[in-house]
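All of the numbers you see were taken from the coordinates with simple rules; none came from a lab. Given the structure is predicted, the values throughout are model-derived calculations rather than measurements. Neighbour counts run over all protein chains shown; Cβ positions are idealised from the backbone, glycine included.
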Amino acid sequence: MKDAKSIQALIALIDDPDEQIYAHVRDKLLEVGPDAIQYLESSWEERDFGLIFQTRIEQLIHEIQFEECKRQLIEWYESPAKDLLQGSLIIAKYQYPGLKDKVVTDFIERLRRDCWLELNPNMTAFETVRVLNKVFFEQYGFKGNSQNYTSPLNSYLNTVIETKKGNPLSLSILYSIVAQQLDLPIYGVNLPNHFILAFMDEHGTNRFISSANKHGVLFYINAFSKGSLFQKEDIDQFLKGLNLPQSSAHYEPCSNSEIIRRMITNLIASFQQVGNAEKVGELIELRALLD
């Protein structure tokens, strides 16, 4: 990290009319990274160097934040754990770079604890999900945002928590994060045009119930529809309506990297709809990091 005087000296040259000088200053500040942001923000607030200075400051802050988002996403993707909550927070901070992880993690801990207080080890899987649904959709009031389905706000975990509205993917992510923290085998399934959850049959009990589902799933959960339950046959009909084959990927849990990739894809579609080409380009760049 450069010292404060060096950073401030670079910032003083930001409005230089010579494009080569500005390009050099920009590259140096990008090398400093997030540590430069506080100085850039202070300069923007305290100095009146005109529109060029302010515009370049804003652009630089965004570039530094975007580069940091890419760095974190690469680090996440290369990590063995690929924690779903952490991946979701990285994408949220693409739009809300000042977001504090603790705001989200503290809320999730309260949600987990409220579920845990209602559960007991003698409950069946169906009874367990009824408890989760009661806490999520009745006590906390989460619901699918069918009126503004394509809004990007439905994809950021922090805004979903704030508004209590989301799309199938974000609600499923929140549901599965809490479930897995409670040691419940509930995982995301990357169904086309929808995203659902599978309650896995860890103890092999489903073979005594039904031979129809060969994917190790007790039942499926639709978090967008207040946690309604359904079976493999319903997915069969759904895929038939879309003229799609019955691939195992449509019935079995997907990886966390697939989930985050789909989250980015949803955001790309949202910003394409409102014509924000800059956001679309950046999100395509983020998605490519997961290829």
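Overview of results
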item: Cα long-axis angle, helix 51-78 against the chain (0 to 90 degrees, to the nearest 10); result: 40
item: On Cα atoms only, tilt of 168-181 relative to the major axis of the chain in degrees; result: 80
item: Tensor-based shape of region 224-291 (alpha-carbon gyration tensor, a/c under 1.5 rounded, otherwise prolate or oblate); result: prolate
item: Straight-distance crosslink candidates among lysines, where the alpha carbon sits under 16 Å from residue 143 and sequence neighbours closer than 8 are dropped; result: 134, 164, 165, 226
item: For residue 229, net neighbour charge (Lys/Arg +1, Asp/Glu -1) across residues whose Cβ lies under 13 Å away; result: 0
item: Other-chain or far-sequence residues with amide H under 5 Å of residue 228's (modelled H); result: 222
item: Diffusion coefficient, µm² s⁻¹, Stokes-Einstein with Kirkwood Rh over alpha-carbon pairs of region 1-128 at 10 °C and 1.306 mPa s; result: 90
item: Nearest 10 degrees, 0 to 90: helix 84-95 Cα axis against the chain principal axis; result: 40
item: Cα gyration tensor, region 84-288 - rounded (a/c under 1.5), prolate or oblate; result: oblate
item: Total formal charge among the other residues, if their Cβ is under 14 angstrom from that of residue 117, Lys/Arg +1 and Asp/Glu -1; result: +1
item: Residue among 85, 14, 38 farthest towards the positive dipole end of the chain, charges placed on Cβ; result: 85
item: Which of 250, 194 has the fewest Cβ neighbours within 10 Å, and the rest in rising order; result: 194, 250
item: Point-to-point label distance, residue 284-residue 116, nm (Cα→Cβ direction, 7 Å offset); result: 4.5
item: Highest-fluctuation residue, 34, 152, 168 considered, GNM on the chain with Cα pairs under 10 Å; result: 34
item: Long-range HN-HN contacts of residue 219 with modeled amide H, under 5 Å; result: 199
